[in-house]
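Colleague: Pasting a structure below so you can have a look.
The values are calculated or read from the model by the stated rules, or taken from the named source; none is laboratory data. Computed from a prediction, not measured in an experiment: that's the story for all the values here. Heads up, the Cβs are rebuilt from the backbone with ideal geometry, glycines too, and the neighbour counts pull from every protein chain shown.
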Amino acid sequence: MAVTPKVLSGYAKFLYEKDIEGKFASNKYKLEVRMPKGDATVEKFVKDIMKQHKEAGDNQYKPVKDGDKIESKSEKRIEFARGHYLMTFKTDRPPTCVDAKKQPLQTEISGGDVIKVAFNAKPYDAFGGGLALYLNAVQLIEKRGGGGVSDFEEEDGFVDQRKAADEFAEANGDF
């Protein structure tokens, strides 16, 4: 088993349900991730994955895609990919999702979250040979997606009393 460096989660809906609708549905759980180009750890990781792909046959279905070379009718897709490498991991079973301390996750992973992905890279012979990336587990390192809350500055104003009461109880040992 291998583990990615810290990466950015793409659209994460299919971590929780199989992709079963649409022209490119795979009937699998899947997750696409973005890795910033130029990061030394990412560059080493990508080089290793592409070496394994080449040894397995080096077909046209590359396990790592150069985001600057993505062709799409969607400007949003092009912007999403620009300056990054992209990888997609798939599996037939629901992947395990844990927090930074390896405890079962109580929240859902969203696009833009910082994660690590545990996966198996398996060579295959079909289509001239290549490397398949099988998703095993996802570790949430930093919650960034799912609402854009990190974009706001803290303000004076309404405070959810339930959260304030929980924090008070926790600080005073009543939790």
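Colleague: Looking at Phe80 and the list (1) over 14 Å from the mean Cα position of the chain (by Cα); (2) closer than 19 Å to Lys37 by Cβ; (3) at pLDDT below 90; (4) assigned to a helix (DSSP H, G or I), which single condition is not satisfied?
Modeller: Of everything listed in (1) over 14 Å from the mean Cα position of the chain (by Cα); (2) closer than 19 Å to Lys37 by Cβ; (3) at pLDDT below 90; (4) assigned to a helix (DSSP H, G or I), Phe80 misses just condition (1).
Colleague: All but one of (1) touching an Asp or Glu at 6+ places or on another chain (Cβ under 9 Å); (2) at pLDDT 95 or above; (3) outside any strand (DSSP E or B); (4) not hydrophobic (A, V, I, L, M, F, W, C) hold for Arg93, so report the exception by its number.
Modeller: Exception for Arg93: condition (1).
Colleague: Would you pick out the residues in the range 122-175 that are surrounded by 10 or more Cβ atoms within 10 Å (Cβ to Cβ), out of contact with any Lys or Arg (no Cβ under 8 Å at 6 or more places or on another chain), closer than 25 Å to Gln103 by Cβ and at pLDDT below 85?
Modeller: Gly145, Gly146, Gly147, Ala164, Ala165, Asp166, Glu167, Phe168, Ala169, Glu170, listed by residue number.
Colleague: If you take the residues in the range 14-31 that are of a type in the set (Lys, Arg) and over 11 Å from the mean Cα position of the chain (by Cα), which one is modelled with the lowest pLDDT?
Modeller: My answer is Lys23.
Colleague: Can Ala56 be described as among the small types (Gly, Ala, Ser) and under 27 Å from Glu17 (Cα atoms)?
Modeller: Spelling it out, it is not the case that Ala56 is among the small types (Gly, Ala, Ser) and under 27 Å from Glu17 (Cα atoms).
Colleague: Would you tally the residues in the range 14-53 being surrounded by 14 or more Cβ atoms within 10 Å (Cβ to Cβ) and free of Cβ contacts under 8 Å to residues at least 60 places away in the same chain?
Modeller: Counting residues in the range 14-53 that are surrounded by 14 or more Cβ atoms within 10 Å (Cβ to Cβ) and free of Cβ contacts under 8 Å to residues at least 60 places away in the same chain gives 14.
Colleague: Any residue at all in the range 50-68 that's outside any loop (DSSP other than H, G, I, E, B), of a type in the set (D, E, K, R) and over 19 Å from Leu133 (Cβ atoms)?
Modeller: yes
Colleague: Give the residues of the range 1-49 that are outside any helix (DSSP H, G or I), within 18 Å of Lys143 (Cβ to Cβ) and basic (Lys, Arg), sorted by residue number.
Modeller: Lys6, Arg34, listed by residue number.
Colleague: Here's another thing I want to ask about it. Give the range 98-131 a look and list any residue that's free of Cβ contacts under 8 Å to residues at least 24 places away in the same chain, part of a loop (DSSP other than H, G, I, E, B) and not basic (Lys, Arg), or say none.
Modeller: Gln103, Gln106
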